Amino acid sequence: MVTHSARRIVVIGNGMVGARFAEEVARRDPEGERVRLTVVGAEDEPAYNRVLLPGVLAGRFGPGDIRLPVPESPAVEVRTGTAAVELDPVGRRVLLDDGTALDYDEAVLATGAGAAFPPIPGLAAADGAPEDGVTALRDLADCRRLGALARPGGPVVVLGGGVLGLEAARALAERGMRVSLVESSPWIMRRQIDRPAAEILAGHYTRLGVAVHSWRVASRWIPGTGLELDDGRVLAGDALVVTAGVKARTGLAAGAGIAVEHGVLVDDGLATSDPRVHAIGDCAQHSGGGAGLVQPGWEQAAVLADRLTGACPEARYSGARPVTRLKAEGIELASMGEAEADGTAETVTIADPHGGRYAKLSVRGERIAGAVLLGFPDPASEIARMYEQRAPVPADRLALLTGRPAPASDQGAAAADPTVCRCNGVSRADLESAWLDGARTRPDIAAATRATTGCGGCTRDVDALLAGWNGASPLPAG
Amino acid sequence: MSAATHCPYCALQCAMFVEAGPEGAPATRPAAFPTNRGGLCRKGWTAAELLASPQRLTRPLVRAERTAEFTETDWDGALDRVAAKLAGLRAEHGPDAVAVFGSGGLTNEKSYLLGKFARLALGTSQIDYNGRFCMSSAAAAGTRAFGIDRGLPFPLPDLASAEVVLLAGANPAETMPPMMGHLAAPRLIVVDPRSTATAEQAVAGGGLHLAPRPGTDAALALGLLHAARAQHLLDEEYIAARTSGFEAAWAHAAGFWPERAEQVTGVAAHRIREAARLLGTARGAYVLTGRGSEQHATGTETASAWINLALALGLPGREGSGYGCITGQGNGQGGREHGQKADQLPGYRRIDDAAARGHVAGVWGVDPAELPGPGRSAFELLDALGTDAGPRALLVLGSNPAVSAPDAGRVRNRLSALDLLVVCDFVMSETAAMADVVLPVAQWAEEAGTMTNLEGRLLRRRAVLEPPEGVRTDLEVLSALARRLGQPAGRFPADPDAVLAELGRASAGGGADYAGVTPERLEAGEELFWPVADARATTPRMFLEGFAHPDGRARFAAVGYRGAAEGVDADFPLLATTGRVMGHYQSGAQTRRIAELAGAEPEAFVEVHPDTGARVGLGEGDWARVVSRRGATLARVRHRAEARTDTVFVPFHFGGDQAANNLTNPALDPFSRMPEFKVSAVRLEKADPADPAEPVPPGAAAAGG
């Protein structure tokens, strides 16, 4: 039953974080007793999982396969294909592009971020629309546009060697495109990894058929031909995918007089400079960071849902300890914290360019200051956990990376008389004394010691011991 | 003396002979049977010791007040006293003032008669049982998905022909070793935070061990579904033809791409992909769950997430593949079917279903309106004892909640607040030691009845020995109490075969239909798997034609990941998870009294990574105090280099200061009312062995640092 006293919340943005917020609210207030929620989204389609767009590119998923769960609540209404055009914080009202308006008690900005195109000739028209052959990779419409532009076997250029660019390049290569990738920084994933790691990573991409051009600036896009670089080379391309950075969508907030820097400024309660207006996800700017990755946005959604439903009014978002995990088939890369920690940290580095592997672990005060792990998938998850939780690292740093603990010293006693049959607690010495008492066959041994009568896993070991003892001392004749 | 029967302990119910041993005392020996294949673990081998133990109880014990010593009395005196007190409390405070706590260790006949006793002789709705702490999450999820819950809806030997078996939160190498004989050929994928004996066997056999952070199994299951779909391994035809609800379930899994599942669970993304590939490409695969995945405040959703994975791969309802949960207690299957559950009537019927009430009331010869409605679930029942709104008397059969209930310290306080605590047991368990009246009852080898094993297979338990003088069977106790409470003669028979015949009628037409089960069929060696609707029926494999929902389809559940009920912080930086060791069973009341088993594992231990131990100065063999937000337990440190550095393990077989459940969190699953046994936030401290009982008052944590 939706009551009239329920608080009216308007969520602007039906992306990953806006939709997640609605889900978190519905979970805390399933009957809509406390909160009535309206989500408006500019895109025509139901909310979907933007993180999986490279998977759609690669053909692993259809567009319908990446939809987000729809909150099961009578008090949540989602309006797709509807954009907010103005936020009126005095009248507490959101004006929509269909001419209607929504009154709110609390407004939540979840408008995300849009692609930022670098000022390179030929990329975008004066109104900001991409030119022929050019697309960002932020939404399903971009995916469809790219699908129409590029064909398997054809050339595609990716501009921007950050996480999204690398994931897109890998997905396009998987689809059979010939991919070139251009990065203006000295190395790819400049913000997440150090140079030696980037060089090994570039090697992986080269082997996968992606030509990596680092520290190269594009000079112009020539539709139908390709991307011209500052050294005059032209990289052939039917399409240009621009993944060269994003810009928070802050227009509504700025227009409403709400404090904005490169994102909408929020405090630990995720309130903006207007206490009735909140911001979460990529459009928000929190002193603890976290924009650009989905996990912090989802944490913010949970915190704000706790606060606005009253489930936990004192919930706080204290910032993120983001771990970057490249989603590229066949490449295992994780990075976190400082990729190039200074001398106050102790650093363990393993570089194996031939094997395509690289690990760097920086520790300060027994805590992980940063790590870059390429081709070390098993320790990566454990190291990420220690980083996120600020947990102390084990004394054996190398073992943490290689996954091979130094042999424990306290197992000497057990080794002297190993247990053969776990199910019945029968040791080698027990078996030997049974043999000395005349048990020469497995049934004899089982009758005397019960070994082999549980899970049966020690049968081979018992047979081997018996064969050895019987062989060394054959049954007396007669 | 030599007769074939079944082991008294776990749900594998290994077949064994009980016969005179070398010194004349009863002894056990394994028997050939499809489930245990002639094997026994050391618990089975030593099971007979307690039959002749000087520690067993043979005289009713009573005392005037809790602080007094027990005195022996005769049966009439003890039963008169119990009946008078129960009747008095009921008259004064209403029927719900008296409560009953049963067990998944009781025979089908006892489970049935206990439920009937509560509803008719006591007229109370307040009955539940320790199976709520075992099987309730898997049962809720299985019922939701398939329309009925039979732990393994296929015979155990079917597993051997599979290529891959995934075991989620199950450690049969330790908990039911002879089962491993069926798992020798398949590649195993073991999901367990610990490097268990089963996990080691998986790795040695070319399989996988996935070690998620405790409480994150659902995220792993969602990640596996995601990875399977991304690799185009789903059985789309099966999903279309035999299931409903896939899209809504998938929408949750879509958010668990392997790298995200890795971040939540700690299981490396490439392992998730590999496990999905192994499962999805196997010719014959099974997904099996155990308590490790199920004993959570999100246990039902977690079990549902595993079932979703199995359904998406097209496994259930086909010969040679499937989903199952591995039932734990000896009669954990039968015990959850015949009415000792708060919300249930015999035949797996719901007590709030008018047709079910009408049927059962008809068999019982009463007006359906006389049957009480649903009562409190196990922890809620225990937590209400002795409170203003709660029961004032409790009758306990086959259970030891002072050790086995979550937040055991709190439960012990509630037990202490009762006006009357009556415990039927054959040893002085920790719960019996708190009672006003202790009734000495017969053991497994001294009574007949039926058990339903983990496959839903009916087994005949035989009376090999006479009970010692002064000992009565549980059925005799219920029968005698019912008569004293004014029930008509014959309504509560003490003869197990008479009870079975009535159970058959009461269950007829229900989900777990025992109508065609007879002692004669079992004695003749027929393999009876329920439903057994008539004299010829048996159902080794369920769902081959269709699932038990009206439309014949299995249902995906739209479940996500909610996480554990409590998290770590600076005061409680580690997670404790609980479980079993080979040599002990449940609360240990039986196995701690068997010399060989007590000798092998005499005391509680805490398994911990050497670094984690070293950080608080705990070396191998030191005594540690494990402290949670609820209480503390003492345990001897065992270093294990393979352990997760954020997780410690404590076995739950020990009592008092060493009870693991002093730590555990009674946060309940909203669907199954299962407590969160498997995740508690804890810290480790050095304990002084000279003064091991230093109390840790609740809330002292922050002040004490």
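The values are calculated or read from the model by the stated rules, or taken from the named source; none is laboratory data. Model, not experiment: these values are computed from the prediction. FYI the Cβ positions are ideal-geometry reconstructions off the backbone, even for glycines, and counts take in every protein chain you see.
Here are some notes:
- Meets criteria (more than 25 Å from B:Leu454 (Cβ to Cβ) and at pLDDT 95 or above) for B:Lys110: no
- Filter pass, A:Ala315 being in a loop (DSSP other than H, G, I, E, B) and either more than 22 Å from A:Ala173 (Cβ to Cβ) or in contact (Cβ under 8 Å) with a residue 24 or more places away in the chain (or both): yes
- If you go through region B:228-252 and keep only what is more than 10 Å from chain A (Cβ to nearest Cβ) and under 29 Å from A:Arg325 (Cα atoms), you end up with B:Ala228, B:Leu233, B:Leu234, B:Phe246.
- Segments classed as helices (runs of 4 or more DSSP H), wholly inside region A:151-262, with at least 2 members that are outside the structural domain of A:Cys283 (by TED's automatic domain parsing) and out of contact with any Leu (no Cβ under 9 Å at 6 or more places or on another chain): A:195-207
- Cβ-Cβ distances below 7 Å connect the following pairs, each with a first residue in region B:129-156 that is β-branched (Val, Ile, Thr), a second residue that is surrounded by 24 or more Cβ atoms within 10 Å (Cβ to Cβ) and not in a helix (DSSP H, G or I), and a separation of six or more residues or different chains: B:Thr143/B:Asp149; B:Ile148/B:Tyr348.
- Flag not set for B:Arg673, criterion: assigned to a loop (DSSP other than H, G, I, E, B), under 26 Å from B:Ala303 (Cα atoms) and more than 23 Å from the chain's Cα centre (by Cα).
- Filter result for B:Glu527 (surrounded by fewer than 18 Cβ atoms within 10 Å (Cβ to Cβ), at pLDDT 95 or above and part of a loop (DSSP other than H, G, I, E, B)): yes
- Odd one out for A:Val348, checked against (1) assigned to a strand (DSSP E or B); (2) closer than 20 Å to B:Ala269 by Cβ: (2)
- From the list A:Ala369, A:Ala391, A:Ala339, the lone residue that is at pLDDT 90 or above, more than 14 Å from chain B (Cβ to nearest Cβ), part of a loop (DSSP other than H, G, I, E, B) and crowded, with 16+ Cβ neighbours inside 10 Å is A:Ala339.
- Answer residue from region B:333-356, given it is assigned to a helix (DSSP H, G or I) and in contact with a strand residue (DSSP E or B) (Cβ under 6 Å, 6 or more places away or on another chain) and is surrounded by the fewest Cβ atoms within 10 Å (Cβ to Cβ) among those: B:Ala356
- Among all positions in region A:5-22, there is no residue which is in a loop (DSSP other than H, G, I, E, B), within 29 Å of A:Gly153 (Cα to Cα) and in contact (Cβ under 8 Å) with a residue 12 or more places away in the chain.
- Residues satisfying the stated conditions in region A:425-459, i.e. away from chain B (no Cβ under 14 Å) and on the phi > 0 side of the Ramachandran plot: A:Gly438
Every residue, every condition in (1) modelled with pLDDT of 95 or more; (2) within 24 Å of B:Leu458 (Cα to Cα); (3) of a type in the set (A, V, I, L, M, F, W, C), yes or no:
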| position | (1), (2), (3) |
| --- | --- |
| B:Phe17 | yes, yes, yes |
| B:Ala20 | no, no, yes |
| B:Ala25 | no, no, yes |
| B:Arg66 | no, no, no |
| B:Phe70 | yes, no, yes |
| B:Asp80 | yes, no, no |
| B:Arg90 | yes, no, no |
| B:Asp96 | yes, no, no |
| B:Gly104 | yes, yes, no |
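- Filter result for the condition that a residue is surrounded by 23 or more Cβ atoms within 10 Å (Cβ to Cβ) and either in contact with a helix residue (DSSP H, G or I) (Cβ under 7 Å, 6 or more places away or on another chain) or modelled with pLDDT of 95 or more (or both), over A:Val277, A:Val260: A:Val277
- Within region B:174-194, considering residues that are within 11 Å of chain A (Cβ to nearest Cβ) and out of contact with any Lys or Arg (no Cβ under 7 Å at 6 or more places or on another chain), the one farthest from B:Tyr585 (Cα to Cα): B:Ala184
- Of all the numbered requirements in (1) at pLDDT 95 or above; (2) surrounded by fewer than 21 Cβ atoms within 10 Å (Cβ to Cβ), A:Val210 misses one, and that requirement is (2).
- Among the conditions (1) within 12 Å of chain A (Cβ to nearest Cβ); (2) farther than 22 Å from B:Ala557 by Cα; (3) surrounded by 22 or more Cβ atoms within 10 Å (Cβ to Cβ); (4) out of contact with any Lys or Arg (no Cβ under 6 Å at 6 or more places or on another chain), B:Glu259 misses just one, which is (4).
- Annotation note: of B:Tyr514, B:Tyr561, the sole residue that is crowded, with 22+ Cβ neighbours inside 10 Å, of a type outside the set (Asp, Glu) and within 14 Å of another protein chain (Cβ to nearest Cβ) is B:Tyr561.
- Selection count, region B:327-359, where residues are among the hydroxyl-bearing types (Ser, Thr, Tyr) and on the phi > 0 side of the Ramachandran plot: 1
- Pairs meeting the criteria (first residue in region B:636-649 and hydroxyl-bearing (Ser, Thr, Tyr), second residue at pLDDT 95 or above and assigned to a strand (DSSP E or B), beta carbons under 7 Å, at least 6 apart or on different chains) are B:Thr647/B:Leu574; B:Thr647/B:Leu575; B:Thr647/B:Thr577.
- Residues (touching a helix residue (DSSP H, G or I) at 6+ places or on another chain (Cβ under 9 Å) and among the hydrophobic types (A, V, I, L, M, F, W, C)) located in region B:1-24: B:Ala3, B:Cys7, B:Cys10, B:Leu12, B:Cys14, B:Met16, B:Val18
- Qualifying residue in region A:45-61 (condition: without any contact (Cβ under 8 Å) to a residue 24 or more places away in the chain and part of a loop (DSSP other than H, G, I, E, B)): yes
- Odd one out for B:Ala614, checked against (1) small (Gly, Ala, Ser); (2) away from chain A (no Cβ under 14 Å); (3) over 24 Å from the mean Cα position of the chain (by Cα); (4) farther than 30 Å from B:Gln55 by Cβ: (2)
- Of all residues making up region B:572-615, the number that are over 13 Å from B:Pro651 (Cα atoms), of a type outside the set (Phe, Trp, Tyr) and in a loop (DSSP other than H, G, I, E, B): 5
- Within region A:82-121, the set of residues being among the small types (Gly, Ala, Ser) and not in a strand (DSSP E or B) comprises A:Ala83, A:Gly91, A:Gly99, A:Ala110, A:Gly112, A:Ala116.
- Within region B:24-44, the only residue that satisfies the criterion of being among the small types (Gly, Ala, Ser) and within 7 Å of chain A (Cβ to nearest Cβ) is B:Gly39.
- Some residue of region A:122-140 being among the hydroxyl-bearing types (Ser, Thr, Tyr), surrounded by 21 or more Cβ atoms within 10 Å (Cβ to Cβ) and under 23 Å from A:Val217 (Cα atoms): yes
- Filter result (within 23 Å of B:Ala160 (Cβ to Cβ) and assigned to a helix (DSSP H, G or I)) within region B:277-291: B:Arg277, B:Leu278, B:Leu279, B:Gly280, B:Thr281
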